[in-house]
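Okay, so here's the structure we're looking at.
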Amino acid sequence: MSATPESADTEAPRAAKPGLDDSLREVGAAGKAALASAGDTGRALRRLVSADLALARSAFGRALAWAGVAIVFGASAWLLCAGALIALLQRLGWSWLQSLSVTALVSVGVTVLAAWKVGRYFDDTGLHATRRQLQRLGLFDEDEPDPEGEDGPGAPR
């Protein structure tokens, strides 16, 4: 009995198909490989975050030190500029009171402007957008009244 070419073609795909046991083993092996890969990715991400936090901590300390240096030298530069302004106003014929008053008003004006800007920037640290989104999700509703009423068990006495 010789096989016809047609019957050989139809038997070849059947022979190439793995059985159910083989398929389950392949799926299990692929799942284990994916789980191992996810674990490796998680460990790499943890190492990256740890290194990034260490770098940020170091950079923050150095930035804070240099900010202190900038404040000290900026303050001393302003004092020297104020002294030069007072001397210039004196040379132009202004009295001591007028010269000191103008310099003091400039200092007060810059201080008020800086305090106003600081207040605006601190207002931006309130996480307002995050709070709105959490309230939309029903979490951390700070403005809603207590469902148990004012006289509930958690009410102050």
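Scanning the range 81-114 for residues that are exposed (fewer than 10 other Cβ atoms within 10 Å of the Cβ) and in a helix (DSSP H, G or I) yields a total of 2.
The residue pairs whose first member lies in the range 80-92 and is over 13 Å from ALA104 (Cβ atoms), whose second member is surrounded by 12 or more Cβ atoms within 10 Å (Cβ to Cβ), and whose beta carbons are closer than 7 Å, counting only pairs six or more residues apart or on different chains, are GLN90/SER99.
Remark: ASP21 matches the filter, which requires a residue to be farther than 30 Å from ALA114 by Cβ, charged (D, E, K, R) and surrounded by fewer than 10 Cβ atoms within 10 Å (Cβ to Cβ). Looking at the structure I just gave you, is ALA77 aliphatic (A, V, I, L, M), closer than 30 Å to SER101 by Cα and surrounded by 10 or more Cβ atoms within 10 Å (Cβ to Cβ)? Spelling it out, ALA77 is indeed aliphatic (A, V, I, L, M), closer than 30 Å to SER101 by Cα and surrounded by 10 or more Cβ atoms within 10 Å (Cβ to Cβ). Restricting the range 125-140 to residues that are within 18 Å of the chain's Cα centre (by Cα) and of a type outside the set (A, V, I, L, M), the residue that is surrounded by the fewest Cβ atoms within 10 Å (Cβ to Cβ) is THR125.
Name the residue that is nearest to LEU79 (Cα to Cα), counting only residues in the range 115-133 that are part of a helix (DSSP H, G or I) and hydrophobic (A, V, I, L, M, F, W, C). Spell out the reasoning first.
First pass over the range 115-133, keeping only residues part of a helix (DSSP H, G or I): 115-124, 128-133.
From what's left, hydrophobic (A, V, I, L, M, F, W, C): 115-116, 118, 122, 129.
On the way: ALA115: 19, TRP116: 22, VAL118: 22, PHE122: 28, ALA129: 41 Å.
Only one residue fits best here, namely ALA115.
FYI, it's all coordinate maths here, none of it is from the lab. Computed from a prediction, not measured in an experiment: that's the story for all the values here. Virtual Cβ from ideal backbone geometry, glycine too; neighbours counted across all protein chains shown.
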